[in-house]
């Protein structure tokens, strides 16, 4: 007789002895709303206010895992929830899963799924920001219904499945919701494995105090009076047990094993308190949530585990953290890695799975060689901590993953660093060492040079707050990230990394050096020194702090660049307001729309942020709207001439074309209505505009020759000074 059959007989006998309650609880796992009847009160947006927008290349065949999506999918009115979910289950990587989301109305699709299928969808990777709130509500609904319908012992396995496949910020939202509704103690509080998991992730239940008692809580409690008996009596309700069995088969193998163990423990240990242990969870595997679905591989029917022998081999031999990082950062490269060895991207087990395991092992070795074991673990923790971080890495690939690690998990800073990074300059550190992300903004390149008198810097130093433009995405966090990146790349004189020395040489506000007595930057420098000292104590910083003179020059270069960017944006907006025939910059547009810091994607350069993107809002007769991009450089070119000046301009022009020219995938949601044929549009022209005045080379004739040569060698880029 099978194990399930024995379990049924044993549980039936115990039910006859112990008695049971057979009434169905309010709500169910198959309903769309379960126990929650309220509408969504908020939409998930992430914490930075600086959105990374999705990858949805126009013209690409609609497929996932190499399988074409059925025509007419998704039909939200059909009521076929499994058909809505099926294409996502076929996706072979988080990148495919995220890309597929951009083709549909995700909030409506998640709403159309029942709670259980929404859990399976959420287990595949980060959902789009506008659907995160819907998924959270369904996770709460599922958790409450599972606890009441299956009892806390069986429900614990499903809850662990949800927790293992959710990001920390998503779990935090779930816990806050339960505490606000006074449901935490009655659900997760009854589950020791769940409590341990939450404590390990830094989210102990003690950090979420429940609200006080209300009159309605009594009625709600009476409705759940039989909850404790449900863990022993579900066989008396054939529908409930059939539902549990069906759910079990759709879980990855370790969760199936855990449910089997719970079932046997309940049958033979007579329900002694604390005697039911979920012992079949593999600590290695579940130390790396969010990637398990892709380790066991998607199929058309749902999630299928590797053969038992392969699963054991995988848990022993794979470096789980490195593999999951690779799955998120590698994008479609994971599929290419297996196909290059003649292995299908979707396998269902058997001998064909072994080459895939070897490919995944190779991926893990590459990441460990790049970042080291601890670096990979830290990066995985960064990805797990926030849905926004995982989304950023999936979209940006390896570059985004490295930027996130450099930024210590700060997505806003990583976005800025990624948008500022350029190809390696000669003599700079190789990838994977030191700074590792290449050169950066011109402010850092020029920081070591004295700032010419009369530039914008001397007039507009200001505080960071003076540059904030929330509407354009320039939050204080983004500006701090920009400044931090410029500081990191500045090649000025630095103090040693020795903490003891820095402690002894601590600057104070009331004792500035000569010349800094009335400088508004001195207090900022003292704060900067304290911050760098703290980073060094924690082992986070890789450089000692700049000396005061170097910091002052660096900060001046940064302010100069920000002032020039703001000035040019104002000029463009004023230009757009003029009659078309009188415009200096935007005469080719009917109704130009000017946007700052727009996220744009190219396969060759990843995610970048254009200083300014101008798009046609007027009618375009069915053609893609006209798009032009601007790259502003406040670069000190005063002392450059001849070949050196030409080489600098050509390098800048190639960067501008490579990042912001040719064909761009525009990521800003507010512009989607203008993109009639998909998010990919051709860029008609790239404008590279240098700050003039004291930064401009004095030889006007020679400068014109160099500008013409640069434009000839990099067609599509117009070079000018302002």
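What follows is calculated from the coordinates using simple rules that are stated; it is not laboratory data. Everything numeric here is computed off the predicted structure, so don't read it as measured data. We place every Cβ from the backbone using ideal geometry, glycine too, and count neighbours over all the protein chains shown.
Points to keep in mind about this one:
- Distance between segment 68-106 and segment 119-177 - C-alpha centres, whole angstrom: 20
- Taking the number of Cβ atoms within 10 Å of each Cβ as an exposure proxy, the fewest-first ranking of 138, 713 is 713, 138.
- Rel. contact order, % - alpha carbon contacts under 8 angstrom, at least six apart, segment 569-721: 23
- Cα gyration tensor, segment 656-710 - rounded (a/c under 1.5), prolate or oblate: prolate
- Highest mean first, the peptides 667-674, 168-175 sorted by other C-beta atoms within 10 Å per residue fall in the order 168-175, 667-674.
- Residue 180 paired with residue 260, simple spin-label distance in nm, labels 7 Å along Cα-to-beta-carbon: 4.1
- Segment 547-634: C-alpha gyration tensor shape, a/c 1.5 cut-off, then a/b vs b/c: oblate
- Rounded to 5, percent antiparallel among DSSP beta bridges of segment 569-721: 65
- Taking the average, over residues, of other Cβ atoms within 10 Å as the packing measure, peptides 474-481, 561-568, 73-80, 139-146 rank 139-146, 561-568, 474-481, 73-80 from highest down.
- Distance between the 7 Å Cα→Cβ label points at residue 63 and residue 518: 7.1 nm.
- Segment 543-620-segment 699-717 distance, computed between alpha-carbon centres (Å): 21
- Förster radius 30 Å - calculated FRET efficiency between residue 491 and residue 365 (Cβ-Cβ, nearest 0.05): 0.35
- Between residue 505 and residue 195, the simple label model (points 7 Å from Cα in the Cβ direction) yields a spacing of 5.2 nm.
- The order of 663, 165, 147, going from fewest to most other C-beta atoms within 10 Å of their C-beta, is 663, 165, 147.
- Least to most buried among 64, 91 (fewest other Cβ within 10 Å first): 64, 91
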